[in-house]
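J.: Sending over a structure as structure tokens; questions will come in a sec.
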Protein chains: 4
Amino acid sequence: MIKKLRMGMIGGGEGSLIGPVHRMAARLDGMTVLVCGAFSSDPAISAATGAAEGLDSSRTYDTWQDMVVHEASLPEDIRPHFMSIVTPNHLHYAPAKMALEAGFHVVCDKPLCMSVAEALDLQETVERTGRLFCLTHNYTGYPMVKRAREMVMGGEIGAVRKIAVEYFQGWLSSLVETTGNRQAEWRSDPRKAGIAGAMADIGTHAFNLAEYISGVEVTELSADLGSVVPGRLLDDDGSVLLHFENGARGTLLASQVAIGEENNLSLRIYGEKGSITWRQMEPNSLTVLWPDRPVQVYRTGTAFAATGVAAHMHTRIPAGHPEGFIEAFANLYRNFSLHIIALSEGNERDPLADYPGIRDGVRGMKFLEAVVASSRDNSSKRAV
Amino acid sequence: MIKKLRMGMIGGGEGSLIGPVHRMAARLDGMTVLVCGAFSSDPAISAATGAAEGLDSSRTYDTWQDMVVHEASLPEDIRPHFMSIVTPNHLHYAPAKMALEAGFHVVCDKPLCMSVAEALDLQETVERTGRLFCLTHNYTGYPMVKRAREMVMGGEIGAVRKIAVEYFQGWLSSLVETTGNRQAEWRSDPRKAGIAGAMADIGTHAFNLAEYISGVEVTELSADLGSVVPGRLLDDDGSVLLHFENGARGTLLASQVAIGEENNLSLRIYGEKGSITWRQMEPNSLTVLWPDRPVQVYRTGTAFAATGVAAHMHTRIPAGHPEGFIEAFANLYRNFSLHIIALSEGNERDPLADYPGIRDGVRGMKFLEAVVASSRDNSSKRAV
Amino acid sequence: MIKKLRMGMIGGGEGSLIGPVHRMAARLDGMTVLVCGAFSSDPAISAATGAAEGLDSSRTYDTWQDMVVHEASLPEDIRPHFMSIVTPNHLHYAPAKMALEAGFHVVCDKPLCMSVAEALDLQETVERTGRLFCLTHNYTGYPMVKRAREMVMGGEIGAVRKIAVEYFQGWLSSLVETTGNRQAEWRSDPRKAGIAGAMADIGTHAFNLAEYISGVEVTELSADLGSVVPGRLLDDDGSVLLHFENGARGTLLASQVAIGEENNLSLRIYGEKGSITWRQMEPNSLTVLWPDRPVQVYRTGTAFAATGVAAHMHTRIPAGHPEGFIEAFANLYRNFSLHIIALSEGNERDPLADYPGIRDGVRGMKFLEAVVASSRDNSSKRAV
Amino acid sequence: MIKKLRMGMIGGGEGSLIGPVHRMAARLDGMTVLVCGAFSSDPAISAATGAAEGLDSSRTYDTWQDMVVHEASLPEDIRPHFMSIVTPNHLHYAPAKMALEAGFHVVCDKPLCMSVAEALDLQETVERTGRLFCLTHNYTGYPMVKRAREMVMGGEIGAVRKIAVEYFQGWLSSLVETTGNRQAEWRSDPRKAGIAGAMADIGTHAFNLAEYISGVEVTELSADLGSVVPGRLLDDDGSVLLHFENGARGTLLASQVAIGEENNLSLRIYGEKGSITWRQMEPNSLTVLWPDRPVQVYRTGTAFAATGVAAHMHTRIPAGHPEGFIEAFANLYRNFSLHIIALSEGNERDPLADYPGIRDGVRGMKFLEAVVASSRDNSSKRAV
């Protein structure tokens, strides 16, 4: 039986924002141990990060290629179970593909890659190798998101009619990419970020969340992207009209120039019978509106009878002890780890212990290409 | 000097929703007295309403035409100063025009009328007769809306970059127009409501609020209207991508099938320096976000130093004693009454004691025609 | 049948805070008309206020004694149905008693008077004369307060175990009574305010609300009063431990030096089965907590099935159109007016159309005397 | 240089609530590794917990006495740096004392022990041994609590006048201690919990938070404790009137029968110039009220210029990515770890990287004894 899962990391060196988050998330439940890393394209940074993490220097690498090759050659009880890829977008595809081919399961940051073509190729690779793949659309890990999905899937709010999702940040309200902000630099550089800026960085989160909770897919959209800050090379603001496969309509708003906004992701789904609202910045509440009953607020950690099994599976502490971003992120790592264990033991995984995967990555890339095309074409409708 | 303004009313008989609201709003400050009415196309209802309001039966009329003709013939110290028109949309244009021509000032419910052509004709009539015209886009009457406008106009948040306005209700989530709901009947009947449903009924409020607070006008839009409830003849849900004259972008979302929503009008404006958020259901707060300072919340009725002159002029009671919908509505009646008095005395009105007028009505009709056209044309861009 | 109730007013002249509130509240529903007034101890102010209100100068008086005597002598179809007393505390007892003896019904601001002895004498006068008496503990007029009481009385939350009521304001955080603030002057003057300051001015509101909603009476208390601002003659801050007749415990906190607080009255009642929370500054929500169900939020104006009859009777407009302080205050005037009409027609009043009366006034004075005594006696327990 | 701190644990076996929290908190930042444990008085449970944590069986003990003795005999590079005590209250004193005497630093859950006498003895032991002691009043670890303290200490709100702290839970609303709820069993058993129930379990948290943020100490109190649920042996509800050393007044309310409440700890401090409000259930906001400026809301993770150094030191991720209970708890472990490292290197610790210690434990026990005495004595005043 697997005691602790061994993890390698690609990217996430000093100065990284998301690397430490992945490491805290992986560490929280004590199921995972970091064993090796190629933390940076700068070998010195990679070595320093490995040392700070307490790694043996023999398992800190100058390049991810070296790491994948060498670690794959280690004995089974030493080599990592999975690689976690936390690099900028342009460095997702190649490492992910190589790691999969080398027999590693893969955790990868979002968006999946740079194009639909790359995405489909990765999907084929995952299917062919039989390796597991987790795309860190981490917002799906919140207990109340699980509850929301359970309610919608269970028909509690009736057929979905309307979805309003938005993700507003303000940190790109000025041209910070020219002032040494490394997070902004690569996100606003088409060579590293891809065809879209805000829409790729946060719009895909919103898109994924909407499809995940609602269970219906976008089929058509009209988009309007803007580069609001003069000199910016990619979109920093965008709005999209959505049509879903079941006839529902919706809107997706994403901005990184919504000045003063922190990380304001919210989702509302209106059904025939009721509606739900969830806001990431107060993640432990899920508000449900009904036409003829009082407003209901579901709360993380409250009585099982109230909150249901899916939320409870993803909750660590009693109600009123706020669980936050890291805990939600850790739920992806935990579910992914449980899946690896189940696979290694020949068991089925618990379907409620789900996590976003390669298919979500393909959807996201299709969404991005349609958004960019529609916006260039006078916001006219475009299939997804 | 005018002591109390005399008001006549067209529409607003028993069963009316908005008629009693206009009467409460007119009565609140004690500046206005109802003296005559043609409250319904049903003479019995008109008479009963007049009696309930304590009117002399000689001044309760079977038709609004009779009332305008007869009241205009009364001595100056008896006849109304203004007529208040609170009928369904198709009965705005003709009574308004006749009342203006007969020398009355006019208060009229929104949307202004049935077409841009009618709107322009009414605008010409207002200008030609020199009568005053108030269109009851009542949400502009809230103290914190005044504060918001003052801040944006004063440059406090910098150049406007992005506007997100939405207005969600849920009361049309089923086909209530077939179940005896009179409010739903006319609003969903193209002969009485006009070319649009939800977009006319509440979308125009949202549109007006956005232009009022931001001070910039929409020049171009892409729209997606839906008739979500089977059997409904007009749109009950719509989303619009907006471009503004100064280059700003925005979105306007309006729905009456957002099940469980009460009267959820909200507006966010993002500038270069800061942003504001106002929500009608908690109208006494105005939230301001800054990139490098704590969140600020302005509150109705707090110290003048904090809240400024425009809000104070529209506040009746100390902070923490909530002012609501009727008080905001009454601010339109009060400002309109003050304008009539100023005009009668040859004075200028206080520019801060403003109210929406004929120009807002024309804008609203242009917006509606553009929205309907864009939606029919695959959501492609359309000029406003 | 009575068409409109005629009202006389004692106090409420220029510079008054509460006078205009009473007049707006009385006017809102169009059931009441102001016919006479003795608005100030300064005849010039009284005359000016009467003129501004459009009263005939013959019915504006220099003293309330003159008014009561003269108006009582007028024909029945001219003289007021009731007198509204909106003076400082020391001028409640005598005018109320004289008005009752002269045959008028009485509306009186709170607290009732200056002592338990006065209160009991007024109670005897009310009972003897058969006149109606309304004490404007106006917070009981909110729809969600009616809903709260209905729920508690109906046993929905089970036996009451714990009540936490508080009323925090900040406007007396400095010695404003020496800077020309007329509201502060009399409230901090023992000759005009009585034995208590904040506890009389707002503590009695909190006390009344707790007993009204819970339906149980305080039997014992321990209090700690402070005069926080140097130079202040009465308490501006106080906290009270409460025991109720049914064994429940509670706390009542009242302060006018809670700097920055606007008018923060809130109440929580914990029962055996569930609990309720109501906050005056967001008065249209009533939050209900359960041990094993989602949080519920009742909302003013929502479906009758959700919100119940008592709230609906006190609601004027649809859900999401906020009703505020003036509307709640107006509910007292409306219920009082309906009672006068019912009495005049020999009918019973609707028990749900209730309003606070003389008995509430006696309770408030007993509370105040017990609080002051306990605080002087080292916070030891004292019967109420 | 210390790489990772080694931790032993006393208590926290299967079925423990707080044990896993301590372990997650210790693990989050990767500074600590669990090396040994005596997790339960039941050896089988202790062994199973150790195995689940991946400990070598040689370092899982049947009794804490065995562990302290044996681990103290291990070489310096193997034996733990500190012991973490997460047992019920009656098992704090003896293990803490023994661990200190054996040379270990100690983390201990709250309340410190069973009496002031025990507390003073532990204080003497800490001082004598020179070992570090952390009492897990974990709520002090939130970034916005750090900000609040920084503001009050820096004089931003002026001299403190009034403190209102409360801690409401509902989970003991019925006699769950007789239904197999292990958390309730020991907390309601005087032999294990001590002289107080709710007041010890959560009241001491509230007390500590009030003194920590305000910087002023309670000198006198009047209390009212109740055992609301029939059959309960200790208080489950209590309210306390407080006087502080600087003349400020306050109230402390604690209840575990506030049905429906989750973990509702909140604190308000009113100064001469402004006031602050913090609520644990929305821990990333700190609301500041001013008499003449808009409300301010400080937010975890926002610009350094806005939020200050103390909060930033205790924040892991950007604004709007909620940090929760575990992160706050982890801040205590991190600061304690940093102190151990500083001590080992002969450095001063950063005064902002503080954590609650032995002195807070003594204060808490004095508070408890005074509360129980006052409540027994008719709520009369009692010195602390």
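J.: Could you work out how far apart the two model spin labels at A:Leu175 and B:Arg279 are, taking each label as a point 7 Å from the Cα in the direction of the beta carbon, and quote it in nm?
T.: 3.7
J.: Report the charge-dipole magnitude of segment C:241-300 in Debye, nearest 20, computed about the Cα centre from +1 at each Lys and Arg Cβ and -1 at each Asp and Glu Cβ.
T.: Dipole about the Cα centre, nearest 20: 160 debye.
J.: What FRET efficiency would be calculated for the residue pair D:Ala117, C:Glu217, taking the C-beta separation as r and a Förster radius of 41 Å, to the nearest 0.05?
T.: Computed FRET efficiency for D:Ala117 and C:Glu217 comes out at 0.45.
J.: Pop out the ³J(HN,Hα) list for segment D:243-253 in order, Karplus 6.51 cos²θ - 1.76 cosθ + 1.60 with θ = phi - 60°, rounded to Hz; leave Gly and Pro as x.
T.: With coefficients 6.51, -1.76 and 1.60, one gets 10, 10, 4, 8, x, 5, 10, x, 9, 10, 10 Hz.
J.: Can you give the translational diffusion coefficient of the protein assembly as shown in µm²/s, computed by Stokes-Einstein from the Kirkwood radius over Cα pairs at 10 °C and 1.306 mPa s?
T.: 46
J.: Could I ask something else about it? I need the peptides B:273-286, C:341-354, C:371-384 ranked by packing, meaning the mean over residues of other C-beta atoms within 10 angstrom, with the highest value on top.
T.: Result, highest mean first: B:273-286, C:371-384, C:341-354.
J.: Tell me, what is the percent relative contact order of segment D:193-299, built from C-alpha pairs under 8 Å that lie six or more residues apart? Spell out each step's value before the answer.
T.: Details: 175 pairs, mean separation 19.5, N = 107.
It rounds to 18 percent for segment D:193-299.
J.: Separate question: Grab every C-alpha pair in segment C:153-256, bin the distances at 5 angstrom width from 0 up to the longest one, and report whole percents.
T.: Reading the bins upward from 0: 2, 13, 22, 21, 14, 11, 8, 5, 3, 1.
J.: Taking Rh as the Kirkwood radius computed over C-alpha pairs, what is the Stokes-Einstein D of segment A:193-310 at 4 °C in a medium of viscosity 1.567 mPa s, expressed in µm² per second?
T.: Taking Rh from Cα pairs, D becomes 81 µm²/s.
J.: Follow-up. Please give every one of the lysines within straight-line cross-link reach of B:Lys366, meaning a C-alpha to C-alpha distance under 28 Å, and leave out same-chain neighbours fewer than 8 residues apart.
T.: A:Lys162, A:Lys381, B:Lys97, B:Lys110, B:Lys146, B:Lys162, B:Lys192, B:Lys381
J.: Something else: Using θ = phi - 60° and the Karplus curve 6.51 cos²θ - 1.76 cosθ + 1.60, what whole-Hz ³J(HN,Hα) does each residue of segment A:107-115 get, with Gly and Pro shown as x?
T.: Result, rounded to whole Hz: 9, 9, 6, 9, x, 4, 6, 10, 7.
J.: Kindly state, as a whole number, the per residue volume in cubic angstrom of the convex hull around the alpha carbon atoms of segment C:257-330. Present the calculation step by step, with values, prior to reporting the outcome.
T.: On the way: hull volume 9.7 nm³, N = 74.
In segment C:257-330, the Cα convex hull volume per residue is 131 Å³.
J.: A further question follows. Using Cα pairs under 8 angstrom and six or more residues apart, how large is the relative contact order of segment C:5-131, in percent?
T.: Contact order relative to length: 23 percent.
J.: Right, next: Amide H neighbours of D:Leu34 under 5 Å, counting only residues 5+ apart in sequence or on other chains, H built in-plane at 1.01 Å?
T.: Distant-sequence amide H within range of D:Leu34: D:Met7.
J.: Sort D:Ile78, D:Ile340, B:Ile213, A:Ile10 by Cβ crowding within 10 Å, fewest neighbours at the top. Could you put the intermediate results ahead of the total?
T.: Numbers: D:Ile78 11, D:Ile340 21, B:Ile213 26, A:Ile10 32.
Sorted ascending by nearby Cβ count, the order is D:Ile78, D:Ile340, B:Ile213, A:Ile10.
J.: Evaluate the distance, in nm, between pseudo-label points positioned 7 Å from the Cα of A:Ala383 and of C:Ser41 along their respective Cα→Cβ axes.
T.: My value for the distance between the label points is 8.6 nm.
J.: May I ask you to evaluate 6.51 cos²θ - 1.76 cosθ + 1.60, the Karplus curve with θ = phi - 60°, for each residue of segment C:348-362 and list the ³J(HN,Hα) values in order in whole Hz, giving x for glycine and proline?
T.: 6, 7, 5, x, 7, 8, 8, 7, x, x, 5, 5, 4, x, 5
J.: So for the protein assembly as shown: antiparallel DSSP bridges make up what percent, rounded to the nearest 5?
T.: Close to 60 percent.
J.: Can you give me the distance in nm between label points at B:Ala159 and B:His70, each placed 7 Å from the Cα along the Cα-to-Cβ direction?
T.: For the pair B:Ala159/B:His70, the computed spacing is 5.9 nm.
J.: When D:Met199, A:Met7 are ordered from fewest to most other Cβ atoms inside 10 Å of their Cβ, what list results?
T.: A:Met7, D:Met199
J.: Given Cβ point charges of +1 (Lys, Arg) and -1 (Asp, Glu) and nothing else, what value in debye, to the nearest 20, does the dipole of chain C about its Cα centre take?
T.: Charge dipole of chain C: 680 debye, to the nearest 20.
J.: Continuing with the same structure: Could you bin all the Cα-Cα distances of segment A:5-131 into 10 Å bins starting at 0 and give me the percent of pairs in each, rounded to whole numbers?
T.: Pair shares across the bins are 14, 48, 33, 5.
J.: Count the DSSP beta bridges whose two residues both fall in chain D, then state the antiparallel fraction as a percent rounded to the nearest 5.
T.: Rounded to the nearest five, the antiparallel share is 60 percent.
J.: Still on this structure: Please report the equivalent ellipsoid semi-axes of segment A:225-373, computed as sqrt(5 x eigenvalue) of the Cα gyration tensor, largest first, in whole Å.
T.: 30, 23, 18
J.: Next up: Show me, bin by bin at 10 Å from 0, the whole-percent P(r) of chain C based on Cα pairs.
T.: Over chain C, the share of Cα pairs per 10 Å bin runs 5, 23, 33, 26, 11, 1, 0 percent.
J.: How about segment D:281-347: which chymotrypsin sites (Phe, Trp or Tyr not before Pro) there are in a DSSP loop, with at most 16 other Cβ atoms within 10 Å of their Cβ? Don't skip to the answer; put the middle values down first.
T.: Numbers: sites: D:Tyr298, D:Phe304, D:Phe325, D:Phe329, D:Tyr333, D:Phe336; in loops: none.
Qualifying residues, ordered by number: none.
J.: Give me the percent relative contact order of chain A, please, defined on Cα pairs under 8 angstrom at least 6 residues apart. Walk me through the numbers before you get to the answer.
T.: Numbers: 858 pairs, mean separation 74.3, N = 384.
After rounding, I find 19 percent.
J.: For C:293-304, what's the mean count of beta carbons from other chains sitting within 10 Å of each residue's beta carbon?
T.: 6
J.: Also: Averaged across the residues of B:239-252, what count of C-beta atoms belonging to other chains lies within 10 Å of each residue's C-beta?
T.: Counting other chains' Cβ atoms within 10 Å and averaging over B:239-252 gives 4.
J.: Let me ask something else. Add -39500 (n - 2.57) for each DSSP H run of 4 or more in chain C, then divide by its residues: what number comes out at 222 nm, to the nearest 500 deg cm²/dmol?
T.: Only helices count here, giving -10000 deg cm²/dmol.
Each reported figure results from applying straightforward, stated rules to the coordinates on display, with no laboratory input. Here the structure is a predicted model, which is why all the values come from computation and not from measurement. Every residue, glycine among them, receives a Cβ derived from its backbone with ideal geometry; neighbour counts consider all protein chains shown.
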